[in-house]
Amino acid sequence: MFDYQKNFKTAVAAVRTEGRYRVFADIERIRGDFPQATYYSANGPREITVWCSNDYLGMGQHQAVTDAMHAAVEKVGAGAGGTRNIAGTTHFHVKLEHELAELHGKESALLFTSGYVSNEATLSTISHILTDCIILSDELNHASMIEGIRGGRSAKLIWRHNDLDHLEELLSVLPRDRPKVIAFESVYSMDGDIAPLREICDLADKYNAFTYLDEVHAVGLYGPEGGGIAQRDGISNRIDVIEGTLGKAFGVMGGYIASTSAFVDAIRSYASGFIFTTALSPVLVAGALASVRYLRGANELRVRHQDRAAKLKATLGAAGLPVMPSVSHIVPLHVGDPVRCKELTDFLLERHDIYVQPINYPTVPKGTERLRLTPSPLHTDNHIAVLNDALNDAWAELRLQYAA
C-alpha cells in the first residue's frame, strides 16, 4: 500500500534539514499602538515590537479605515454573498474600482481577492487571449507572476534582473507583429531596488510591446497621491497594465489591476481566478476604499516613511551591520545562512522582544538569506535605537559576520 502520510512527512523533513522550515509566530496586533503587538509564546503572552510588517504605513490600524469597516458591517453585513457575477458586486466594489482607476489615471480597474490572484489570473488570461503571445519576464519577478505566466502556457523569455541591454537583445530578434508582453515589478521587495520604468517603456515603444507592471510594494508609498513608482516618475500613461494590492500600504486585503476599459473587460470576462471566486467582503472593500482615499491626500506619511527608512539604514550601517544596498523603503540585512538566520530571529524575539521573520529560500536565492526590515512612519527614533542595540547584541552573541 502507498504510504501517503510518509511522503508528506518526508517532504517536510527535507525542508527542516535545509534549515528553512517556517514557524509561525502567534501574534495579535494592538489596535492604535502599531508597531506593538502581543506575542503568545509557550511561556505566556508578552508585548513585542514588529519590524517585518507589510502594513507599511500602519493603515490597518488607522481610525478612518476601522470606522469605515464598522459602518459597512452595520449597513450591509459581513459577506458579499457570491461571486462578482452572482450577487457579489456591491456598491462598495464599484466605488473602489472607480477610485483605483482614478488613482492610476486609467479608464477602469478590477478587484481580486489578493495581489497573488490578480497577477496569476491576469497574466495567464493575457496568454490565452493574445494568440502566439510571448512574455518577457524579469528574472526576479514574484512567484504569482511566474505562476500566471506558466499557467498561460505561452512562450516566455527571462531577462536578467533590471538589465535593459539583455531585454533589448531579446526584443530585437522577435517579429514586430508578434504580441509581446514585458512583465516586471517597480519595487523588488527582497532587495529593495527599483526597476528603470521609463527606459523599459522606451523599449516597449521601440519594439511594439505591451507593458505589465506589478506595483504591490509601491502603491500608497510613492507618487504625490500614492499611485506608485509610475506615478512618481510621471509615466503611468505609458504603462498598459498596473497591478497592485490592498494588503500592504493600504493595510487591508485584496488585489487589483488598472488599465483600459477594453483590457479590464476582457480579463473580467475570461479570467477563471476572477469569475469563479467569491467577491471580497464589502467590509474589507469599505476599509480599503477609505484607506486609498485617505492616502491620496496624505503625502506627509510618505515623507515620514522615507525618513524612517533612511534613518534605519544610516544607523545600522554606522554600526557596521551588513545592510544590503536599497534605494527604497526596504532594509535588507544579510545573513547568508538559513540556520543562522533562524537563530538570529529567535534570539531577537526571545531576548529582546523584537519580531522579524527570517527570509530564506525559495523567497530569496540560497546563500542570500536575510532579515527584511520594514520601518514605518510609526517607528520612532527610540524603536530604531533599541533595534540597533539588539542586533549588535545578536551579532556578537551568535558570532555573525559584520559588513566587510
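The values are calculated or read from the model by the stated rules, or taken from the named source; none is laboratory data. Just so it is clear, the model here is predicted, and its values are computed rather than measured. Don't worry about glycine lacking a Cβ; one is built from the backbone with ideal geometry, like all the others, and counts go over all protein chains shown. Note: areas computed on protein heavy atoms with side chains; ligands, DNA, RNA excluded. Shrake-Rupley method; radii C 1.70, N 1.55, O 1.52, S 1.80 Å.
Restriction of the GluC sites (Glu not before Pro) in the stretch 116-164 to DSSP coil positions whose beta-carbon has at most 14 other beta-carbons within 10 angstrom yields 139. Karplus-based coupling profile of the stretch 74-88, in residue order and whole Hz: 6, 7, 10, x, 8, x, 7, x, x, 5, 4, 6, 10, 6, x, with θ = phi - 60° in 6.51 cos²θ - 1.76 cosθ + 1.60 and x standing for Gly or Pro. Taking all protein chains together, 116, 4 sort by accessible area into 4, 116, largest first [probe 1.4 Å]. Taking θ as phi - 60° and the Karplus parameters 6.51, -1.76 and 1.60, the scalar couplings of the stretch 226-240 work out to x, x, x, 5, 4, 5, 4, 8, x, 10, 4, 5, 8, 9, 6 Hz in sequence order, x denoting glycine and proline.
So what's the projected area for the stretch 108-194, the Cα convex hull averaged over all directions, in nm²? Show your work: numbers first, answer last.
Details: hull surface 25.0 nm².
Over every viewing direction, the Cα hull of the stretch 108-194 projects on average to 6.3 nm².
Only the Cβ atoms of Lys and Arg (+1) and of Asp and Glu (-1) were treated as charged; on that basis the dipole of the stretch 178-320 about its Cα centre amounts to roughly 260 debye. Counting every Cα pair in the stretch 329-391, what percent are over 20 Å apart? More than 20 Å apart: 25 percent of the Cα pairs in the stretch 329-391. Expressed as a whole percent, the accessible surface of the stretch 328-404 that belongs to carbon and sulfur atoms is 50, based on a 1.4 Å probe. Surface composition of the stretch 217-319: carbon plus sulfur atoms hold 54% of the accessible area, using a 1.4 angstrom probe and ignoring ligands, DNA and RNA.
Placing +1 on the Cβ of every Lys and Arg and -1 on the Cβ of every Asp and Glu, with nothing else charged, gives the chain a dipole about its Cα centre of roughly 540 debye.
Per-residue Karplus couplings for the stretch 351-360, computed as 6.51 cos²θ - 1.76 cosθ + 1.60 with θ equal to phi - 60°, are listed in order as 9, 10, 6, 10, 10, 8, 8, x, 10, 10 Hz, Gly and Pro entered as x. Given a 1.4 Å probe and the protein chains as shown, residue 191 ends up with an accessible area of around 50 Å².
Taking every protein chain into account, the accessible area of the stretch 164-246 amounts to 33 square angstrom per residue (probe 1.4 Å). Only protein heavy atoms count here; on that basis, with a 1.4 Å probe, residue 190 has an accessible area of about 40 Å².
The average projected area of the stretch 175-273, computed from the convex hull of its Cα atoms over all directions, is 7.3 nm². Out of 69, 113, 41, whose Cα points farthest toward the positive end of the dipole of the stretch 1-120 (charges: +1 Lys, Arg; -1 Asp, Glu; placed on Cβ)? Most positive-ward Cα: 41. Annotation note: GluC sites (Glu not before Pro) in the stretch 22-103 located in DSSP loop regions with a Cβ neighbour count of at most 16 within 10 Å are absent. For the stretch 1-142, the per residue solvent-accessible surface stands at 54 Å², with DNA, RNA and ligands left out and a 1.4 Å probe. The candidate values were [x] 5, 21, 33, 28, 11, 2, 0; [y] 5, 21, 29, 27, 15, 3, 0; [z] 4, 20, 25, 21, 16, 9, 4, 1, 0; the one computed from these coordinates for P(r) over Cα pairs in 10 Å bins from 0, in percent carries the label [y]. Among the protein heavy atoms, those of residue 128 account for about 120 Å² of accessible surface (1.4 Å probe, every chain in place). Overall, the accessible surface of the stretch 73-191 at a probe of 1.4 angstrom is composed of carbon and sulfur to the extent of 52 percent. Taking 362, 224, 377 in turn, the Gaussian network model of the chain (Cα-Cα springs below 10 Å) assigns the largest fluctuation to 362.
By the rule of a C-alpha distance below 22 Å, with chain neighbours fewer than 8 residues away ignored, the lysines paired with residue 311 are 248.
Dipole orientation for the stretch 324-404: of the candidates 357, 394, 378, 357 has the Cα lying most toward the positive pole (charges on Cβ; Lys, Arg +1; Asp, Glu -1).
Remark: the residue 269-residue 13 segment gains 87.9 nm on full extension, using 0.36 nm per residue and subtracting the alpha carbon distance. In this structure, the amide hydrogen of residue 136, modeled 1.01 Å from its nitrogen in the peptide plane, lies closer than 5 angstrom to those of 157, 181, 182, 183, counting only residues at least 5 positions away or on a different chain.
What separates the Cα centres of the stretch 196-229 and the stretch 315-335 is a distance of 25 Å.
Compactness of the stretch 1-55, taken as the C-alpha radius of gyration over 2.2 N^0.38 Å, stands at 1.69. In the chain the longest region clear of trypsin sites (Lys or Arg not before Pro) that are loop-assigned by DSSP and have at most 12 other C-beta atoms within 10 Å covers 177-398. For the set 346, 165, the ranking by accessible area, highest first and with no ligand, DNA or RNA atoms included, is 165, 346 under a 1.4 Å probe.
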